[in-house]
1. Among the numbered conditions (1) open to solvent by 20 Å² or more (accessible area, probe 1.4 Å); (2) among the charged types (D, E, K, R); (3) in contact (Cβ under 8 Å) with a residue 60 or more places away in the chain; (4) closer than 30 Å to residue A:397 by Cα, tell me where residue B:343 comes up short.
2. Would you mention how many residues in the stretch B:161-192 are under 27 Å from residue B:415 (Cβ atoms), open to solvent by 20 Å² or more (accessible area, probe 1.4 Å) and of a type in the set (Phe, Trp, Tyr)?
3. Cβ contacts < 6 Å: first residue assigned to a helix (DSSP H, G or I), restricted to the stretch B:210-229; second residue surrounded by 24 or more Cβ atoms within 10 Å (Cβ to Cβ) and small (Gly, Ala, Ser), any location; separation 6+ or different chain. Result?
4. State yes or no: is residue A:289 without any contact (Cβ under 8 Å) to a residue 40 or more places away in the chain and of a type in the set (Lys, Arg)?
5. Being of a type in the set (Val, Ile, Thr) and open to solvent by less than 50 Å² (accessible area, probe 1.4 Å) is the filter; apply it to the stretch B:245-267 and report the residue that is farthest from the chain's Cα centre (by Cα).
6. Give the number of residues within the stretch B:319-347 that are under 18 Å from residue B:168 (Cα atoms), in contact with a Leu (Cβ under 9 Å, 6 or more places away or on another chain) and not in a loop (DSSP other than H, G, I, E, B).
7. Which residue pairs have Cβ atoms closer than 6 Å, lie 6 or more positions apart in sequence or on different chains, and pair a first residue in the stretch A:404-424 that is at the interface with chain B (Cβ under 7 Å from one of its Cβ atoms) and farther than 14 Å from residue A:191 by Cα with a second residue that is outside any loop (DSSP other than H, G, I, E, B) and modelled with pLDDT of 95 or more?
Number of protein chains: 2
Amino acid sequence: MNTKSKNIPLNFERVDEWAATSRSAHRLEKWLFTRLLRAMDDPPIAVRLWDDEEIQNCPGPPEVTLHIREPRALWGTLIDPELYFGDAYSDGTITVEGDLSRLIELVSVHRPPIFAEQGLLGRLTRLFAPAPQTNTLSGSRQNIHHHYDLSNDFYRLWLDREYMQYTCAYFPDPAISLEAAQIAKMEHVCRKLRLKPGDKVVEAGCGWGGLARYMAQRHGVNVRAYNISHEQVSYATERAAELGLTGRVEYIEDDYRNIEGEYDAFVSVGMLEHVGTENYPSLGAVIDRCLKPDGRALIHSIGRNQPKLMNRWIEKRIFPGAYPPTLGEMTAIFQPYNFSIVDVENLRLHYALTLQHWLKRFESNRGRVLEAFDEQFFRAWRLYLTGSIVAFRLGDLQLFQVSFNRCELHDLPWSRGHLYAEPQPPAAAVPTSPRAPATVRPAANDPRPRTLPHRPQ
Amino acid sequence: MNTKSKNIPLNFERVDEWAATSRSAHRLEKWLFTRLLRAMDDPPIAVRLWDDEEIQNCPGPPEVTLHIREPRALWGTLIDPELYFGDAYSDGTITVEGDLSRLIELVSVHRPPIFAEQGLLGRLTRLFAPAPQTNTLSGSRQNIHHHYDLSNDFYRLWLDREYMQYTCAYFPDPAISLEAAQIAKMEHVCRKLRLKPGDKVVEAGCGWGGLARYMAQRHGVNVRAYNISHEQVSYATERAAELGLTGRVEYIEDDYRNIEGEYDAFVSVGMLEHVGTENYPSLGAVIDRCLKPDGRALIHSIGRNQPKLMNRWIEKRIFPGAYPPTLGEMTAIFQPYNFSIVDVENLRLHYALTLQHWLKRFESNRGRVLEAFDEQFFRAWRLYLTGSIVAFRLGDLQLFQVSFNRCELHDLPWSRGHLYAEPQPPAAAVPTSPRAPATVRPAANDPRPRTLPHRPQ
């Protein structure tokens, strides 16, 4: 996160000192917060102000206490909670006693209409907010650099060890480990893509290259994986060389719009959030250009039920240029090119659980995060991870896996049972020999056209 | 189909006689058809005119011969093939030697751009075409009466015997019978809805009531099923009484817009095609009104990859008011009410296979169809069924099963494996005792919120 733009003290030892030197809370300030809690149906939240005065209207004992340590934190949060709360929590002018996720959950569920996106304050604050970062070729590079080039060591502290998947895992059983769930996710994606040994696969936005390595190792395919994060591409290339995958997996530091070649499968896991709806037709054109007639494709992306801008604090401090689309908005990728959507799966609770694993590991590595960054950074990321857990748990965010192919692909499986037929491979086993191709039994009355007249292009 | 509006001879014995008395084909007419075949890349189609002159440009032997038996059939088909060919084929002024589905396939794949929806003739003919039937409350009743009230005995000749499902079946194995595949479809739908004994289910557009009976018999639920086809509701009510289901299944002759009550599940199989996009928000409002907070819902509908009007001949003669939507258009049902789409499955090849079964039974019952209707009716339905097979085979039509629920439903399965876990029940077994509810194993780190604060409405 960009700390240069913010003139705030970073020494947390002194937080109590500033609070002590501040003026006492004005009657108006207390009244406003009392009104706010009332508008929220008096949730089990107490508010302690900088002069230690406590406001609470809830009938029972409060579950969480919000400690507002400076007057400006109170006014900022009252006027533009979406943006200001995050900054105030990060710099410690607001602290929370109790479960942070419970606080976010209570506030999300009880949010007064005036703060909603279509509410008065929601509209006003958006009106004066700077425009989100755009995802032009250079804009995308800046946006991606901001988040993904923080440091590989930082992400290694809390992502799964082997594949460093910074996207939603798949928990067919919620009790399995994060490592097993990330492998299960990659296997699930590979099965949806119906990969077979020797297939040429292109990946748009490959992170640290884990899925590309997995596909090459377990499914015997050749992968070209594109990414504009320099740090990630360096790591991925090195790791593939260590594993003897050079020649079978190629990482390219370039934008998805520059993808070239023809492929049996197109896959993109967790990139669409950074593409921007205005670029969906170009993404569709890229897929149309590079997918073979019998190719299969999959896009995995955070999404929404209704169009809604990204939380402004997350957009500003964590993920510039990010936007989670609705399924309807996503169709702008497929429709112009007559792609057939064959399967959509919503995995939102899987992302909540993935984030819980990440947060736990992140918190347990506090000391090592502070060696590289500072307390403000640590608190900002804690808030971002916690807020995301709540958003996926409550259904404010969705996770769509969309499988699609050309309209002309008729060799489709008769059931999705093959995704569930065998147990997921164990997390420890990483065979290097490709799997045998699945056998397909032709049926006498199979309506799939096999002898379609080919029209020259 | 409405035969009164058309002044054409119905006696097929005399077809050859008219052809014989007609004038010979003009040089312009032959030239035009030669040009047409050339514009279609000379497919293996021969055209024989009323004077027995044959036109064929294909390099090899023709696979199909189109016999145009009257000059007006030639001109009609040249100017407005989408509408005219169907009528001319039905009344026998055009006949086909060879495989009708192969002809339709060749013409679909090789259709010259001028006849495409956005082509010159396509646009012109749509410009002068009457508006499609609307789906107001009374318009829907007329449209549905036109098709579904033909006669129960007619549909009984070629639909599956027990459940009379006039919608896409589900063939987990393409070799199973139509009867087994319709049961597999209903079971698939029930599993997607996660029905449990005692659930209250509402069905919008229930056909002959087969799914409602199946749900009550096999899953122990109580069903209210709405339908505006008088013939179908009478049949369904009678059949439920015979099976001792009165009190557990109630059929209501009314429009889906008048659904009342609160339900654990909403299901609609094959009705959306008759709703009209302008009514999607009202359909969403009906579901929003009647679905309990933890309710599950499913809509099964013919669809498209890209918005496109229904084939005009089918819209006029077979299905007035019908329109198959894209997935993007369907989101107008879900988005305004914040419904979460949890699963989409595209079953288009299953519909092609279903239609193949129907056509085979229909053809083998030619004699009995002719007892009740006439040759023209028989040929129109043959064309409609054959054309639909080709449309689903080639991907001009899709079949979407969309599962959704309220955003607030957090008790979601961790995998779709339960849809595939056990074998489908055998077609013959129809137990009357409800199934035991599936056991759900809670997990320690399950992120599904169970203690969410309830906000009073």
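The values are calculated or read from the model by the stated rules, or taken from the named source; none is laboratory data. This structure is a prediction, so every number in the text was calculated from the model and none was measured. Neighbour counts are summed over all protein chains in view; Cβ atoms, including those assigned to glycine, are modelled from backbone coordinates with ideal geometry. Side chains included, ligands, DNA and RNA excluded: accessible areas come from the protein's heavy atoms. Shrake-Rupley method; radii C 1.70, N 1.55, O 1.52, S 1.80 Å.
1. (1)
2. Count: 0.
3. B:212/B:225
4. Spelling it out, residue A:289 is indeed without any contact (Cβ under 8 Å) to a residue 40 or more places away in the chain and of a type in the set (Lys, Arg).
5. Here the residue is B:249.
6. Of the residues in that region, 5 qualify.
7. Going by the 6 Å Cβ cut-off, the qualifying pairs are A:407/A:340; A:408/A:293.
Here's the yes/no breakdown for (1) within 14 Å of another protein chain (Cβ to nearest Cβ); (2) touching a Lys or Arg at 6+ places or on another chain (Cβ under 6 Å); (3) more than 20 Å from residue A:322 (Cβ to Cβ):
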| residue | (1), (2), (3) |
| --- | --- |
| A:141 | no, no, no |
| A:147 | no, no, no |
| A:155 | no, no, no |
| A:160 | no, no, yes |
| A:182 | no, no, yes |
| A:192 | yes, no, yes |
| A:202 | no, yes, yes |
| A:209 | no, no, yes |
| A:212 | no, no, yes |
